Amino acid sequence: MSISSRIPYSPLFHHSNTQTSNLIKPSSLLSPPPQKIFFSNPISTQRIPTKKPNFSAPSSSSSVSLQSIEELPPKLQEIINLFRGVQEPKAKYEQLLFYGRNLKPLEFQYKNNANKVQGCVSQVWVRAYVDSDKNVIFEADSDSVLTKGLAALLVQGLSGRPADEIVRVSPDFVVLLGLQQSLTPSRNNGFVNMLKLMQKKALQLSVEAEKTGNSNAEEFGEGPAMLGSRGVWIKEMLEKELRPLELEVEDISYQHAGHSGFRGSDAETHFNVKVVSEEFEGKSLVKRHRLIYSLLQEELQGGLHALSIVAKTPAEVGEQ
């Protein structure tokens, strides 16, 4: 069988020269003949300017230059160089925890609203005072080891420096530490708030020291108050009834009010009392406290909210 006998006959593809003029051309079946289009007015084209969208996230380093490490306090420079020497983020995190575990605890009396850092995930307190050279000394504490680590960095890096140097420190030095991967946004905000409170306290201490000329001033707005009428009454009562060898009465009401001007008899609500007396001989600690409370019962009923008591015998003091 020939190939031609297997293909059906079609006048479209199998024809002779004599039949070409009478057959339909394949091209006529595929598309219509072209038509001419006439325009009454000429057409002009114009390029429309477009703004290329920017999908890249803004870089803080491109808009704001980081503070040079040489501008930071020397101790802070040492800490930054130490963290720079640690490559792994996990190792940096462990180093931060190490700082937190070795931070000296803050005494309970300083864990008050005036020293509390606002806007932190964890509770954190910062205390500041000046030394004899008018340099600022910081103490801090937190209920979180990680936050204590951040506080320890600031305490070690900023303590012992003058106030004007402390207030110039920019919070972006955390970038130089390389801790971005270890800190959540909320932790980072807490860190910045810690620094801001330290700088605020340093500035206040500097201003107060200049006003009073006292380089050994305690925390500005947080120092011990002169005794008001209630404090004087408490001291006189304890002196009369206990005949103490040593007596200290300190008004700490300002710590609980969170305001440095919280003074006057109506505001005298919290006191620290230290008494060394022979009247405590043979009495347990509970009985000593009960004795002091009984002597001050009138004031406790009239607005005195709390007493922090240290009651010892002369022998106990001599043993220390």
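The values are calculated or read from the model by the stated rules, or taken from the named source; none is laboratory data. Since the model is a prediction, treat every value here as computed from it, not as a measurement. Counting neighbours? That spans all protein chains shown, and the Cβs are built from the backbone with ideal geometry, glycine included. The protein model used for the area step is the full one, side chains on, heavy atoms only, and it has no ligands, DNA or RNA in it. Shrake-Rupley method; radii C 1.70, N 1.55, O 1.52, S 1.80 Å.
Structure data summary
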| quantity | calculated |
| --- | --- |
| Members of the range 115-134 found to be in contact with a helix residue (DSSP H, G or I) (Cβ under 8 Å, 6 or more places away or on another chain), farther than 22 Å from Leu179 by Cβ and surrounded by fewer than 20 Cβ atoms within 10 Å (Cβ to Cβ), listed by number | Tyr129, Lys134 |
| Single residue of the range 245-262 satisfying the filter (under 26 Å from Pro314 (Cβ atoms) and open to solvent by 30 Å² or more (accessible area, probe 1.4 Å)) that is modelled with the lowest pLDDT | Glu250 |
| Test: residue in the range 92-108 that is open to solvent by 40 Å² or more (accessible area, probe 1.4 Å), touching an Asp or Glu at 6+ places or on another chain (Cβ under 9 Å), farther than 24 Å from Leu183 by Cβ and at pLDDT below 90 | yes |
| Positions within the range 100-127 being of a type in the set (Gly, Ala, Ser) and closer than 19 Å to Leu205 by Cα, in sequence order | Ala114 |
| Test result for Gly190, assigned by the TED database to the domain that holds Leu97, over 18 Å from Gln77 (Cβ atoms), in contact (Cβ under 8 Å) with a residue 60 or more places away in the chain and open to solvent by 30 Å² or more (accessible area, probe 1.4 Å) | no |
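Per-residue answers, yes or no, for (1) touching a strand residue (DSSP E or B) at 6+ places or on another chain (Cβ under 7 Å); (2) more than 30 Å from Phe271 (Cβ to Cβ):
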position	(1), (2)
Asp131	yes, no
Lys134	no, yes
Ala140	yes, no
Asp143	no, no
Gln156	no, yes
Gly160	yes, yes
Leu179	no, yes
Asn189	no, yes
Lys196	no, yes
